[in-house]
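Worksheet: the structure to be examined is printed underneath.
The numbers here are math on the coordinates, done by the rules we state, and not lab data. Keep in mind that this is a model prediction, so the values were computed, not measured. Cβ placement follows ideal geometry from the backbone for every residue including glycine, while neighbour counts extend to all protein chains displayed.
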Amino acid sequence: MICVGEIINTHGLKGEVKVNSKFRYKDKVFQPKKNLFIEDVESPVVIKKRRYHKNNDLLLFEKHEDINDVLIYKGSKIFVPREALPKDIILVEDLIGFIVKYQAKEIGQIKHFFNNKAHDVLIIEGNQQHYLPYVNDLIKKIDLEKKIVFVNEIEGIFDEN
């Protein structure tokens, strides 16, 4: 299961929940008729409606149309099964163990990652430890078969000094 956000509060009286999500592909997940799994709840909930409000997603679930139906979810993480995501999606978790190449030179291997609230950051270990923001402007190409991440040529990004 992939964590896609956290229910941080309710919103209004009609059963909407306020979700804080930094999940890169939330637009593909938070859609009507999609199933979500809520932490410590056995059966999934089905999204009825989604809208935005002050940098958060507001979700309304089918059969949860009153604030009293959703109060118990406050503070819970929400998940989707990996197989429910489109096949073309590459999650940061998938990149662990990949080799990073820059200007045809091997920089190291992706060992870990963390989220700094703005984006995910890859931790690359080689001759030195490097931190690479996992953003589209920096990633040139990802070769899934060879397990290589190619980085765009940006001066100073991997200074060895």
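Brief remarks follow.
- Around the amide H of residue 152, modelled in the peptide plane, lie the amide H atoms of 139, 140, all under 5 Å away and 5 or more residues distant in sequence or on another chain.
- One Cα centroid belongs to region 1-56, the other to region 82-161; the line between them spans 28 Å.
- Build a GNM of the chain with springs between Cα atoms under 10 Å apart, and of 125, 42, 16 the one that fluctuates most is 42.
- Cross-link table 54/147; 18/146; 26/63; 63/111; 22/63, entries beyond 32 Å C-alpha to C-alpha: 54/147; 18/146; 63/111
- Unit charges on C-beta of K, R, D, E only; dipole of region 92-151, Debye: 160 debye
- About its Cα centre, the dipole of region 24-93 is roughly 400 debye, where the only charges are +1 on Lys and Arg Cβ and -1 on Asp and Glu Cβ.
- About the Cα centre, charge dipole magnitude for the chain (Lys/Arg +1, Asp/Glu -1 at Cβ), debye: 560 debye
- Signed unit charges on C-beta, dipole axis of the chain, positive-most listed residue 99, 134, 10: 10
- Burial ranking of peptide ranges 78-85, 127-134 (average Cβ count within 10 Å, highest at the top): 78-85, 127-134
- Ranked packing of 55-65, 96-106, most packed first, by mean Cβ within 10 Å: 55-65, 96-106
- Alpha-carbon Debye profile of region 2-84, log10 I(q)/I(0) at 0.15, 0.26 Å⁻¹: -0.44, -1.54
- Residues with amide H under 5 Å from that of residue 23, placed H, sequence gap 5 or more: none
- Whole-Hz couplings from phi, Karplus 6.51/-1.76/1.60, listed for region 90-105; x for Gly and Pro: 10, 8, 4, 4, 5, 8, 4, x, 6, 8, 10, 10, 9, 6, 6, 10
- Farthest toward the positive end of the dipole of the chain, out of 32, 124, 113, is the Cα of 32, where the dipole comes from beta carbon charges about the Cα centre.
- Here the 3J(HN,Hα) profile of region 147-154, calculated from phi with Karplus coefficients 6.51, -1.76 and 1.60 at θ = phi - 60°, is 6, 10, 10, 9, 9, 4, 6, 10 Hz, Gly and Pro shown as x.
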